[in-house]
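Have a look at the structure below before the remarks.
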Amino acid sequence: MPADRTALGAFLRSRRDRLSPARAGMTAFPGPRRVPGLRREELAVLAGLSPDYYSRVEQGRQANISVEVLDALARALRLDDVERAHLHQLAAPPRRRASPSPAAQRPDPGLLRMMTTLEHVPVLLLGRSGEILASNHLLRAVLGRPLVGGSSLLRYLFLDPLARERIVNWEHFAQASVGALRRESGLHPDDRRLQLLVAELRSADSDVARWWDDQGVRDYSSVAKVIDHPAVGRLQFDIEIVGAPHEPDQRLIVYTSEPDSPTARLMPMLASWESAAAP
């Protein structure tokens, strides 16, 4: 089975395993059940497909799959918009790609200029595969590490013990990051560096392996992050994402807080400490 079709079959199996007949709004077919969720035949009926046709799709034996069939499967499986887009991406015909190892990423000048206007809040510029392209001094003060250009946010998140200490809602944030990484792997299935990063993280961290095997997929989205800072205590941020249309793999990650909140009032103090400590 081609690599893309292997991923498609695994994703479909994971989504039907999580959906029971009752939740899908149908009566379960009679007979002993060997799967936690829908059987192939039950999903085929829900999607208006023949069981044989759906089996060929899930097993990677169906060369071409129409948009209508994919949309029917997405409706039957109750996929959200991100999952639906991921399903379409996995089912797309194999296409010729320029290189399995993309060239080194260059920070988008517009996003860098925007970063310089946001020195009063923690900011980083994130590229493909969680690579940090740039960050400011307040990000370093909040997270406790000099996350310089070329380092990996994902390696910090999963391989650095300090991340679990500082990020109070680490599990929620980390699981969302794995879902975003899986979505990225669907967009760039031939990216060898991305494959190696996934293998490294899965091998090093059992949480990554478990979440990756769950086949969950997420888009980059605004989430909350709670930091337990050793000097100033609890910090509460909303994470906002700013993208550039001509650089779809780059995003400006901005840590925001409510005006005049305890967190907002502590930012100037952290900024002055970081400036004094900088060489």
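The values are calculated or read from the model by the stated rules, or taken from the named source; none is laboratory data. Note that the coordinates shown come from a computational prediction; the quantities given were computed from them, not determined experimentally. Note: ideal-geometry Cβ built from the backbone for every residue, glycine included; neighbour counts use all protein chains shown. What goes into the accessible areas is simple: the full protein's heavy atoms, side chains included, and nothing from ligands, DNA or RNA. Shrake-Rupley method; radii C 1.70, N 1.55, O 1.52, S 1.80 Å.
Per-structure values
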quantity	calculated
From 3, 22, residue being within 25 Å of residue 195 (Cβ to Cβ) and either at pLDDT below 90 or open to solvent by 20 Å² or more (accessible area, probe 1.4 Å) (or both)	3
Scan of segment 120-131 for residues that are open to solvent by 10 Å² or more (accessible area, probe 1.4 Å) and either more than 27 Å from residue 268 (Cα to Cα) or β-branched (Val, Ile, Thr) (or both), ordered by number	121, 128, 129, 131
Subset of segment 242-279 that is part of a strand (DSSP E or B) and modelled with pLDDT under 90 - its residue that is least open to solvent (accessible area, probe 1.4 Å)	244
Residues of segment 187-218 satisfying the condition of being outside any helix (DSSP H, G or I) and open to solvent by less than 60 Å² (accessible area, probe 1.4 Å)	188, 189, 191, 205, 215, 216, 217
Selection count where residues are modelled with pLDDT of 90 or more and closer than 30 Å to residue 265 by Cβ, scope segment 79-119	8
Only listed residue being open to solvent by 30 Å² or more (accessible area, probe 1.4 Å), part of a loop (DSSP other than H, G, I, E, B) and either in contact with a Phe, Trp or Tyr (Cβ under 9 Å, 6 or more places away or on another chain) or within 27 Å of residue 179 (Cα to Cα) (or both), chosen from 32, 36	36
Criterion violated by residue 174 - all others in (1) of a type in the set (A, V, I, L, M, F, W, C); (2) out of contact with any strand residue (DSSP E or B) (no Cβ under 7 Å at 6 or more places or on another chain); (3) open to solvent by 70 Å² or more (accessible area, probe 1.4 Å) satisfied	(3)
Filtered residues of segment 155-171 (kept if part of a helix (DSSP H, G or I) and surrounded by fewer than 17 Cβ atoms within 10 Å (Cβ to Cβ))	159, 161, 162, 164, 165, 171
Residue list for segment 167-197, filter: touching a Gly at 6+ places or on another chain (Cβ under 8 Å) and either in the same structural domain as residue 232 (by the TED database) or of a type in the set (S, T, N, Q) (or both)	175, 177
